[in-house]
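All of the numbers you see were taken from the coordinates with simple rules; none came from a lab. Everything numeric here is computed off the predicted structure, so don't read it as measured data. Counting neighbours? That spans all protein chains shown, and the Cβs are built from the backbone with ideal geometry, glycine included.
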Amino acid sequence: MRTVAIVPARYGSTRLPGKPLLRRTGKYLIQHVVERLASVRGLDRVLVATDDARIQDAVRSFGGESVMTSPEHLSGSDRVAEAARSIEADVVLNVQGDEPEIAASSLQALLGVMEKPGVVMGTLACPIPDRREFADPSKVKVVCDLHGDALYFSRASIPHGALEAASTGQTPAGRPLRHVGLYGFRRDFLFTFAGLPPTPLERLERLEQLRALEHGHRIRVGWVDGHPPGIDTPEDYEGFVGRVGGGGVRG
């Protein structure tokens with residue numbers, strides 16, 4: 001199974017413009033992601049898909065591989081699909097460019113999901129520890145069927161009563177799960193997914209994975225114990241710099 005990780009990266013983040021090029025740690029943020037991926041067993045290639053020459057130049061400066069894609073894409077998966085058309089692969093992973101602390105174990109868990117027969121799209125989830133995270137609309141929740149396929153993703157607190165049930169040990173299978181925004185696709189299905197029209201629930205929840213469910217496709221969900229925070233805001237980046245050490249190039 002030849003597997004390629006593609007990292008969609010754009011310059012124009014609403015809350016943190018130029019995010020991939022931040023480098024107060026001495027490395028570009030996108031460099032941290034690429035180097036993490038390069039160390040993962042089972043990945044044959046790592047590619048950054050961008051619409052900005054500054055990002056492409058930065059990736060090439062540290063020896064990474066990058067391809068230019070259209071600036072018109074509305075989602076990361078659309079950008080990944082364009083990049084994937086020019087490469088040979090059985091499985092394509094969509095790994096966000098703002099996940100510099102992503103664990104190799106999470107990526108290997110996703111690879112394990114994609115190795116299962118019949119799985120064309122996969123993702124991950126981890127337990128939700130407390131009420132604050134359960135109620136936070138920025139933390140996407142997922143509920144699964146008895147086979148491990150996603151029933152629904154939502155920014156709402158689903159399933160209702162899950163924290164109370166989990167605390168008493170009544171329904172371990174119904175524990176609240178936070179969606180981890182990594183995706184695996186069989187290459188052919190990636191193109192199918194990118195060609196599907198947007199759907200009502202996708203627009204309502206602002207969650208592109210609902211497009212697959214609304215069109216009747218299955219998403220297999222693997223479980224991991226936890227997942228480090230991504231970088232969405234200046235405060236997130238400050239925390240990351242504090243954890244890995246700053247003092248590098250300002251930017």
- Query: If you plug each phi of region 210-221 into the Karplus form 6.51 cos²θ - 1.76 cosθ + 1.60 with θ = phi - 60°, what whole-Hz ³J(HN,Hα) values come out, in order, with x for Gly and Pro?
  - Reply: 5, 4, 5, 5, 5, 8, x, 9, 9, 10, 7, 10
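Per the Kirkwood definition applied to all pairs of different Cα atoms, how many angstroms is the hydrodynamic radius of region 76-121?
12.1 Å
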- Query: If we count other beta carbons within 10 Å of each Cβ, what is the order of Arg36, Arg155, fewest first?
  - Reply: Arg155, Arg36
- Using the alpha carbon gyration tensor of region 95-158, what are the three equivalent-ellipsoid semi-axes (square root of 5 times each eigenvalue), largest first, in whole Å? 22, 17, 10
- Note on the structure: With +1 on the Cβ of every Lys and Arg and -1 on the Cβ of every Asp and Glu, the dipole magnitude of region 1-102 about its Cα centre, in debye rounded to the nearest 20, is 380 debye
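For Gln96 and Gln108 in the same chain, what is the full-extension length gain: residue separation times 0.36 nm, less their Cα-Cα distance, in nm?
My answer for the length gained is 2.8 nm.
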- To the nearest 0.05, what FRET efficiency results for Arg243 and Phe191 with a Förster distance of 41 Å applied to their C-beta separation? 0.60
- Task: List the lysines whose Cα lies under 30 Å from the Cα of Lys27, skipping any in the same chain that are fewer than 8 positions away.
- Result: Lys19, Lys139
- Message: Roughly how far apart, in whole Å, are the Cα centres of region 117-152 and region 86-100?
- Response: 20 Å
- Mind checking Rg over Rh on region 1-102, alpha carbons, Kirkwood formula for Rh? 0.93
- Dimensions in Å of region 186-240 - Rg and Dmax from alpha carbons: 15.3, 41
- Task: Write down the Kirkwood hydrodynamic radius of the chain, to one decimal in angstroms, obtained as one divided by the mean of 1/r over all alpha carbon pairs.
- Result: 18.7 Å
- Task: For every helix of n ≥ 4 consecutive DSSP H residues, a contribution of -39,500 (n - 2.57) applies; sum these over the chain, divide by its total residues, and give [θ] at 222 nm rounded to the nearest 500 deg cm²/dmol.
- Result: -9000 deg cm²/dmol
- Stretchable slack from Ser39 to Thr233, in nm (0.36 nm times residue separation minus alpha-carbon distance): 67.2 nm
- Message: Once R0 is set to 25 Å, what does the formula 1/(1 + (r/R0)^6) return for the Cβ-Cβ distance between Trp223 and Arg2, expressed as a FRET efficiency to the nearest 0.05?
- Response: 0.45
